[in-house]
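Step one of this worksheet: look at the structure below.
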Amino acid sequence: MLEDVVAGIGVPFLGTVSGAACVFFLKKNLSSVINTILTGFAAGVMTAASIWSLIIPALEQKPVSSFNCVPVLIGFWTGIFFLLAADIFITHISSGKKTYFCRRTGKKKENTMLILAVTVHNIPEGMAVGIVYAGLLSGNENITAAGAFVLALGIAVQNFPEGAIISMPLHADGESKLKAFLFGVFSAAVETAGALAAICAAEIFINVMPYMLSFAAGAMFYVVVGELVPEASSEKSGRTGIISFSSGFSVMMALDVLLG
């Protein structure tokens with residue numbers, strides 16, 4: 001069981017770090033086509049994971065009744081508003097009204113805000129993984145090790161381009177490759193910290209697991225609808241994003257059903 005938890009927490013971390021490591025091997029940013037494929041695939045995976053690994057287990061918490069949707073709805077919308085508040089916060093400090101995070105100007109300021117945005121959004125993603133593994137450690141029969149790992153794997157796929165979009169622009173803006181890479185590692189470490197915090201609070205979460213699982217689902221939905229889908233649809237035809245999204249959804253659904 002401990003090995004499963006370590007692997008589940010480590011996979012998203014490695015996803016971001018691998019993306020950040022692109023700065024050592026690529027001279028240019030990821031091509032738009034590759035970025036669209038990865039982003040669309042990750043969006044599909046995270047959507048399916050939100051349903052089969054988070055919302056359905058939350059609805060199946062005992063005692064099963066028609067009122068089980070109430071805590072799920074509450075948790076889901078709390079997750080949505082949590083990310084909405086984070087977005088408003090980031091937008092506010094990037095507008096120039098505050099200076100603590102925005103001492104740089106021009107492109108460097110933009111890169112600073114990008115790092116902050118990715119880092120803030122990594123926290124609920126890490127918590128999503130931690131919450132699922134907290135349920136697994138508590139013996140919840142509706143959560144399987146395979147299902148939890150597939151969720152972590154889906155987040156790792158999404159993290160790869162995120163790591164690249166942190167390190168590559170920083171290096172292009174004059175930072176050393178090592179420093180740019182370390183910024184990517186930092187954003188990954190924040191996600192891992194969120195996962196560990198959720199697992200350490202497992203005793204608290206046991207009694208409110210439906211709320212926490214659906215909270216994680218809401219946060220992931222916000223990321224998918226607000227960021228990943230628009231980016232995956234940015235290509236002129238949008239067909240690449242549609243196919244990659246559908247592929248990610250299909251793969252995740254099949255793995256969750258077959259392995260779960």
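For region 146-260, compute Rh as the Kirkwood radius over C-alpha pairs and then the Stokes-Einstein diffusion coefficient at 37 °C and 0.692 mPa s; write the answer in µm²/s, rounded to an integer.
199 µm²/s
Just reorder CYS69, CYS22 by solvent-accessible area, largest first, 1.4 Å probe, all chains present.
Solvent-accessible surface, decreasing: CYS69, CYS22.
Order the following by accessible area, largest value first: THR192, THR240, THR39. Probe radius 1.4 Å; ligands, DNA and RNA are ignored.
The ordering from most to least exposed comes out as THR240, THR192, THR39.
So, by mean Cβ neighbours within 10 angstrom, what's the order for 32-38, 55-61, 15-21, 210-216 with the highest one leading?
210-216, 15-21, 55-61, 32-38
The values are calculated or read from the model by the stated rules, or taken from the named source; none is laboratory data. Everything numeric in this text was worked out from a predicted model, so none of it was measured. Neighbour counts are summed over all protein chains in view; Cβ atoms, including those assigned to glycine, are modelled from backbone coordinates with ideal geometry. Note: areas computed on protein heavy atoms with side chains; ligands, DNA, RNA excluded. Shrake-Rupley method; radii C 1.70, N 1.55, O 1.52, S 1.80 Å.
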